[in-house]
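Novice: Can you keep this structure in mind? I'll have questions shortly.
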Amino acid sequence: MPISYRHVQLITLLVCCCCSGEEVTMATVKVHMLTWNVGSTVPRDDITPLLGLDKDPDIISTGFEEVGDTDKWEDEVDRILSKRGYYRIQLKTMTIMQIVVFAKKAILPFISHIESEATKTGFGGAYGNKGGTTVRFRLFDKTVAILNTHLSAHMDQTHIRDEEYWAIMAEQEFRDPKSHALYDHDYILWSGDLNYRIEHDNTKVRSIIGAGKYLELLQYDQLLQEQSAGHAFIGFHEADIKFPVLCVDTTA
């Protein structure tokens with residue numbers, strides 16, 4: 001049951017499981033995912049509001065791309081979540097991207113078979129500036145894989161992004177006999193800076209944005225087009241898009 005989320009900074013996922021008081025049962029576990037292309041910066045402001053703590057999630061995944069100092073982002077998330085009863089279950093860093101997954105103490109006894117994996121897709125698979133990092137585990141009797149990814153940029157590289165998706169899906173292998181490959185998992189939660197673009201005239205796109213008619217842009221969305229054509233992210237489901245994803249020029 002794959003679930004896909006694109007390159008947004010803040011996401012809340014609901015997966016099949018739940019903590020009720022002292023008892024944990026397989027009903028509805030809340031999973032919060034943060035993915036952020038930090039552009040080689042270090043934490044300056046308080047990132048607590050991005051971690052979804054107001055939703056009281058059972059599992060929190062934080063993913064960062066273009067990280068200049070991976071230790072500083074990891075340490076900052078650790079500092080915040082450790083004070084709120086969350087325990088790190090796994091970290092995976094590849095070059096300048098990383099994923100860290102945390103869980104509440106109450107759910108830890110039901111998590112097992114924890115593994116991590118990474119796939120390089122930059123420069124034809126030689127470098128880890130692009131690709132995917134994964135943390136996977138068993139949760140009760142289900143298998144869960146959480147990914148943070150960074151795919152190739154630029155408008156004309158759609159086919160490269162598709163190929164990178166397939167490379168990540170095909171190359172990652174795990175020791176758990178229940179889910180040896182990514183596509184064997186019961187749940188795949190995919191986040192990251194996917195870099196699919198709005199393929200439409202720039203002036204017209206700006207006009208649509210200026211009018212606040214963001215949903216009109218979905219018809220030009222490369223990711224949705226590739227999914228519809230069966231080129232990538234087949235079987236994945238994305239949450240409703242309620243706000244635009246923007247690239248900010250920090251030098252302006």
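Novice: Identify, by number, the condition in (1) buried (at least 17 other Cβ atoms within 10 Å of the Cβ); (2) touching a residue at least 60 places away in the same chain (Cβ under 8 Å) that Trp166 doesn't meet.
Specialist: That leaves (1) as the condition not met.
Novice: Return the residues of region 178-197 that are under 25 Å from Thr28 (Cα atoms), out of contact with any Phe, Trp or Tyr (no Cβ under 6 Å at 6 or more places or on another chain) and not in a loop (DSSP other than H, G, I, E, B); say none if nothing qualifies.
Specialist: Listed by number, the residues that qualify are Ala181, Leu182, Tyr183, Asp184, Tyr187, Ile188, Leu189, Trp190, Gly192.
Novice: A further question follows. Every residue in region 111-138 that is open to solvent by 10 Å² or more (accessible area, probe 1.4 Å), of a type in the set (A, V, I, L, M, F, W, C) and modelled with pLDDT of 95 or more, please. Reasoning before the result, please.
Specialist: First, pick out the residues of region 111-138 that are open to solvent by 10 Å² or more (accessible area, probe 1.4 Å): 111-118, 120-121, 123-127, 129-130, 138.
Applying the additional criterion that residues be of a type in the set (A, V, I, L, M, F, W, C) yields 111, 114, 118, 123, 126.
Correct list: Ile111, Ile114, Ala118.
Novice: Right, here's the next one. Looking at the structure I just gave you, is Asp71 modelled with pLDDT of 95 or more and open to solvent by 40 Å² or more (accessible area, probe 1.4 Å)? First the steps, then the outcome.
Specialist: Values: modelled with pLDDT of 95 or more: no; open to solvent by 40 Å² or more (accessible area, probe 1.4 Å): yes.
So Asp71 does not fit the description; no.
Novice: Right, another one. Inside region 34-48, can you point out the residues that are part of a strand (DSSP E or B) and open to solvent by 10 Å² or more (accessible area, probe 1.4 Å)?
Specialist: As a first pass, look at region 34-48 and keep what is part of a strand (DSSP E or B): 34-37.
Those that are part of a strand (DSSP E or B) and open to solvent by 10 Å² or more (accessible area, probe 1.4 Å): Trp36, Asn37.
Novice: If we keep just the residues of region 201-234 that are open to solvent by 40 Å² or more (accessible area, probe 1.4 Å) and closer than 21 Å to Ala170 by Cβ, which is modelled with the lowest pLDDT?
Specialist: Ile234
Novice: Going by the conditions given, is His180 surrounded by fewer than 21 Cβ atoms within 10 Å (Cβ to Cβ), closer than 22 Å to Ala118 by Cβ, over 20 Å from the mean Cα position of the chain (by Cα) and not aromatic (Phe, Trp, Tyr)?
Specialist: Criteria met by His180.
The values are calculated or read from the model by the stated rules, or taken from the named source; none is laboratory data. A quick note: this is a predicted structure, and the numbers were derived from the prediction, not measured. Note that each Cβ is placed from the backbone with ideal geometry, even for glycine, and that neighbours are counted across all protein chains shown. Ligands, DNA and RNA are stripped out before the accessible areas are found, and what is left, the full protein with its side chains, is counted by its heavy atoms. Shrake-Rupley method; radii C 1.70, N 1.55, O 1.52, S 1.80 Å.
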